[in-house]
Amino acid sequence: MNDKAIRSIVVAGGGSAGWMAAAALSVALQGTGCQIVLVESEEIGTVGVGEATIPPIQAFNQVLGIDEAAFVRATQGTFKLGIEFVNWWRQGHRYFHPFGRYGDDFGMTPFHQQWLRARAHGDRTPLGAYSLTEAASFLNRFDKPPNDPRSVFATYSYAYHFDAGLYARFLRAHSEARGVTRVEGKIASVEQHGETGFVEALVLADGRRVEGEFFLDCTGFRALLIGETLGVPYDDWTRWLPCDRAIAVPSAKLDAISPYTRSTAHQSGWQWRIPLQHRTGNGHVYCSSFIEDDEAERVLLANLDSAQTGDPRRLRFTTGQRQKAWSHNVVTLGLASGFLEPLESTSLHLVQSGLTKLLSWFPDRDFDPAVAAEYNRQVAREYEAVRDFLVLHYNATDRDDSPFWRACRAMAVPDSLAAKTEMFRTNGRLLEREKDLFHEASWLAVMLGQGISPESYDTLTAAIPATEAAAVLTGMRTVIARTAQAMPGHGDFIQRHCRATPGEIS
Ligand SMILES: Cc1cc2nc3c(=O)[nH]c(=O)nc-3n(C[C@H](O)[C@H](O)[C@H](O)COP(=O)(O)OP(=O)(O)OC[C@H]3O[C@@H](n4cnc5c(N)ncnc54)[C@H](O)[C@@H]3O)c2cc1C
């Protein structure tokens, strides 16, 4: 072992972020002799509403050596192919943000430019006809893609819906089996070095001390180490992402389990519907300046697709980001590091992505400030990219039927988003920046879905004769429609491969 290697890590907090961190570290540091301890308090509990994810979570599970079917079974999980947005652009309008990509690029020009060209010449085929995940979603179909880069499945991608509480339990079992020690107790104070300010130990309410060399703050909105102890400020992004409260409630499972999340815009926010095997997760995310809590709860309960099965839970948050994710010998992950609201299910991904970066910038006991600075730069850039994508949904709307939507339309968006939108509006080009989590297809789906229509298209599309391009487009959508039809039903797939067995943890 390098004589400067970190010998002990303390993870403060055992929500999804804490257990994701413990699980990843237990794998990455296997055989190094580094001790990993996680401290959590059952009395305080977790937020535990993160139920929808995005495709990179597959890679996370693979790195951890998690068997997919066992994971889906243990978390009452279902598969997710995208998000349906209802009433976002206009009341009564719907569009789909599919995972994966649309069609296939034509030589040097992106696929969507040929689609724009065909549209300019009168072809009214919607872009979604070229997405296998969108086609499968509306047929309630799901299948695992074969590992064949020439197959139409090469354009297909999926994620999961799951019960967040069961996910943390699953990761806990996984971590403990790999040597992570769990300490139950309430952190009462944090001890720091008198001169450097580095954190030295967590002191629990019963007087026990948990010492470490490196600390991960996963204490959720409390941010006990990074905020309360080290005083790293929080940047408030409410001016761009105005929703600040949510009410979550479970309802009965749906007869047909759809392989997608539904997000329905209301007068002062939006409602999620997430189908799990044993229940449906629902929640109303809203802005407290425009609607009272009781009214928000009434709206939520009036818009359930199945019978309510539990009590509503109220949550408060401030959208934004911790100014530094890494300070001294503390790195923060999860809600302690920021929250951008759940519209595109990005929170658990940001935990995963923070961990990936941390492992590639893993410190030794010198804690080189340049390493922390680079980590902070990369994390900040990623949060900003996600923020811009979310703001697009709120700002690019035709809705003017409530004060909330009028305020969203009138907001001054970040310059980075304004530039991206303007470029797309003019010629259909999509600017991709470093650390963009969402790629071309996602921006395309949401820009078009929110009513932004390019005025022209790439002139290089003319390199392929229009009749030839039209024939290729027809071929693509025919293959996609046929492939989606041939896929098994989502419910049947789950029944056959990963039906939940309550209580099973592997
Ligand atoms: C309304 C809403 C909907 C969401 N939906 C999604 C979604 O669909 N997809 C998604 O990816 N994410 C979603 N999220 C985010 C997701 O829930 C969180 O990112 C994720 O659960 C990580 O939370 P966490 O572990 O940081 O915090 P928490 O779950 O709050 O966990 C904090 C931990 O710290 C412990 N702790 C705190 N203080 C102390 C103390 N003094 N002593 C000891 N222990 C302490 C707690 O006991 C707990 O174990 C949503 C969030 C909200 C608010």
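The values are calculated or read from the model by the stated rules, or taken from the named source; none is laboratory data. For clarity, every value in this text was computed on a predicted model and none was experimentally measured. Here Cβ is always computed from backbone atoms with ideal geometry, including for glycine, and neighbour counts include all displayed protein chains.
For the reader, a short list of remarks on this structure follows.
- Of all residues in the stretch 449-469, those satisfying the criterion of being touching a His at 6+ places or on another chain (Cβ under 9 Å) and assigned to a helix (DSSP H, G or I) are Gly449, Ala466.
- First in the stretch 176-193 and more than 16 Å from Gly45 (Cβ to Cβ), second anywhere and more than 14 Å from the ligand (Cβ to nearest atom) and not aliphatic (A, V, I, L, M), Cβ under 7 Å, 6 or more apart: Arg178/Ser26; Arg178/Gln30; Gly179/Ser26; Val180/Ser26; Glu191/Glu200; Gln192/Phe198; Gln192/Glu200; His193/Glu200
- Being aliphatic (A, V, I, L, M) and under 23 Å from the mean Cα position of the chain (by Cα) is a condition met by at least one residue of the stretch 435-442.
- Residue identified as closer than 18 Å to Arg322 by Cβ and touching a residue at least 60 places away in the same chain (Cβ under 8 Å) among Tyr375, Tyr383: Tyr383
- Top-ranked residue in the stretch 400-443 [being of a type in the set (D, E, K, R) and touching a residue at least 40 places away in the same chain (Cβ under 8 Å); ranked as surrounded by the most Cβ atoms within 10 Å (Cβ to Cβ)]: Asp436
- Applying the set (1) within 16 Å of the ligand (Cβ to nearest atom); (2) outside any strand (DSSP E or B) to Asp148 leaves exactly one unmet item: (1).
- Checking Val446, Val472, Val391 one by one, the residue that is assigned to a helix (DSSP H, G or I), over 27 Å from the mean Cα position of the chain (by Cα) and surrounded by 14 or more Cβ atoms within 10 Å (Cβ to Cβ) is Val472 and no other.
- Checked against the criteria, Asn329 counts as touching a residue at least 60 places away in the same chain (Cβ under 8 Å), of a type outside the set (Asp, Glu) and surrounded by 19 or more Cβ atoms within 10 Å (Cβ to Cβ).
- Residue match in the stretch 40-54 (condition: at pLDDT 95 or above and over 28 Å from Pro312 (Cβ atoms)): no
- Search result, residues across the stretch 20-40 that are crowded, with 18+ Cβ neighbours inside 10 Å and touching a strand residue (DSSP E or B) at 6+ places or on another chain (Cβ under 8 Å): Ala21, Ala22, Leu25, Ser26, Leu29, Cys34, Ile36, Val37, Leu38, Val39, Glu40
- Among residues of the stretch 287-307 being surrounded by fewer than 17 Cβ atoms within 10 Å (Cβ to Cβ) and aliphatic (A, V, I, L, M), the one that is farthest from Leu340 (Cα to Cα) is Ala307.
- Those residues of the stretch 400-443 which are assigned to a loop (DSSP other than H, G, I, E, B), among the hydrophobic types (A, V, I, L, M, F, W, C) and within 19 Å of His97 (Cα to Cα), in sequence order: Leu430, Leu431, Leu437, Phe438
- Of the set (1) part of a loop (DSSP other than H, G, I, E, B); (2) closer than 26 Å to Trp270 by Cβ; (3) of a type in the set (Asp, Glu), all apply to Glu382 but (1).
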